[in-house]
1. Could you work out the relative contact order of the chain, using alpha carbon pairs under 8 angstrom and six or more residues apart, expressed as a whole percent?
2. Scan the chain and report its longest stretch carrying no GluC sites (Glu not before Pro) that are both in a DSSP loop and have at most 10 other Cβ atoms within 10 Å.
3. What's the local net charge at residue 265, with K and R +1, D and E -1, over the other residues with C-beta under 9 Å away?
4. Semi-axes of segment 152-296's equivalent ellipsoid from the Cα gyration tensor, sqrt of 5 times each eigenvalue, largest first, rounded to whole Å?
5. Just the ratio, please: alpha-carbon radius of gyration of segment 90-168 over 2.2 N^0.38 Å, N its number of residues.
6. Relative to 2.2 N^0.38 Å, what does the C-alpha radius of gyration of the chain come to as a ratio? Two decimals please.
7. Net charge within 11 Å of residue 254 by Cβ-Cβ distance, Lys/Arg positive one each and Asp/Glu negative one each, not counting residue 254 itself?
8. Kindly provide log₁₀ I(q)/I(0) values, in the same order as q = 0.09, 0.15 Å⁻¹, from the Debye equation applied to equal alpha-carbon scatterers of segment 84-220.
Amino acid sequence: MKKRLLAVGILFLFIASFITLPAVHAMHGKEKEVKKAILLVAFGTSIPEAQKSFDIIDKRVRQAFPGVEVRWAYTSRIIRKKLARQGKFLDSPEVALAKLMDDGYTHVALLSLHTIPGEEFHELYVNSHLFAEMEGGFKRLLVARPLLSSYEDMERVAKAMIKHIPGERKRGEAVVLMGHGTAHHPSDAIYMAMNYMFREMDPLIFVGTVEGHPTINDIVPRLKKLGIKKAYLMPFMSVAGDHARNDMAGDEPDSWKSILEKAGIKTVPVLKGTAEYPEVVDVWVEHLKRAYSHFK
Ligand code: CO
């Protein structure tokens, strides 16, 4: 009886060693093959004409990083749902990161295609770092900065925007830029800073925001005081999407166009997102290159 028990015990140990060994081998096995990817993250747009901006960025990024996997994610749930109904499926940044991890990517550079490091960038940054801490996942996950992240960025973007003001603008005609803005994040102050930056280069350029400060009501009295009769309206957002088409250039009484016309100022809306200007895209791509360079 005792002998039989011993035999069973030995057999058990024998089997157990077979079961555990491969696991030990896997853990000490060879290093995971290096696989690099880029994740481009934008708020998103459901307007086909505005999609053009993202296509330009996509092309530029693929040119700058030949052979590297490039994927997209949209932060806006509403836009993702809208697109899904049209059969276009886009991931949230979190789902996109999970898929990259699942596909065995070891190094991921994420680029925020936001204009300021505001609320959405913050969320992206925090969540990305949670992914970076997961065991057995990425070796490195770096988040590149959004468009306006330094004095140098601000200066370059201001110059690029000025270059793309319609050529027919005459002396004494103003330019009013519509930024998004944020009511709950200190980065909203960047729009104030941009106002200063633009004004140093061209005293008749004004920056306002839809959801933060300054508002259009801060700008109108200034335009009136200067006796402005005509203003070009330009989005200061990556795409000329819903805000640009409706809140800026729409016919509703509360659109910027309507508010300015009511104040006796003729308007010329320009429906182009900042991502349609190559010099602006360059700033984003350089941020991405800086992050990616840490992988070498
Ligand atoms: Co908005």
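1. Values: 464 pairs, mean separation 54.4, N = 296.
In percent, rounded to a whole number, it is 18.
2. Numbers: sites that count: 31, 33, 133, 135, 168.
Longest gap between qualifying sites, sites excluded: 169-296.
3. On the way: positive: 224, 229, 230, 262, 266; negative: 261.
Value of the local net charge: +4.
4. Details: eigenvalues 147, 52, 42 Å².
Sorted largest first and rounded, they come to 27, 16, 15 Å.
5. Details: Rg = 16.3 Å, N = 79, 2.2 N^0.38 = 11.6 Å.
So the Cα radius of gyration is 1.40 times the expected 2.2 N^0.38 Å.
6. Working: Rg = 25.9 Å, N = 296, 2.2 N^0.38 = 19.1 Å.
Its radius of gyration relative to the 2.2 N^0.38 Å reference: 1.35.
7. Numbers: positive: 257, 262; negative: 247, 251, 252.
So the surrounding residues net to -1.
8. Taking Cα atoms of segment 84-220 as identical point scatterers yields -0.39, -0.84.
The values are calculated or read from the model by the stated rules, or taken from the named source; none is laboratory data. This structure is a prediction, so every number in the text was calculated from the model and none was measured. Using ideal geometry, Cβ is built from the backbone for each residue, glycine included, and neighbour counts are taken over all protein chains shown. Heavy atoms of the whole protein, side chains included, go into the accessibility calculation; ligands, DNA and RNA do not. Shrake-Rupley method; radii C 1.70, N 1.55, O 1.52, S 1.80 Å.
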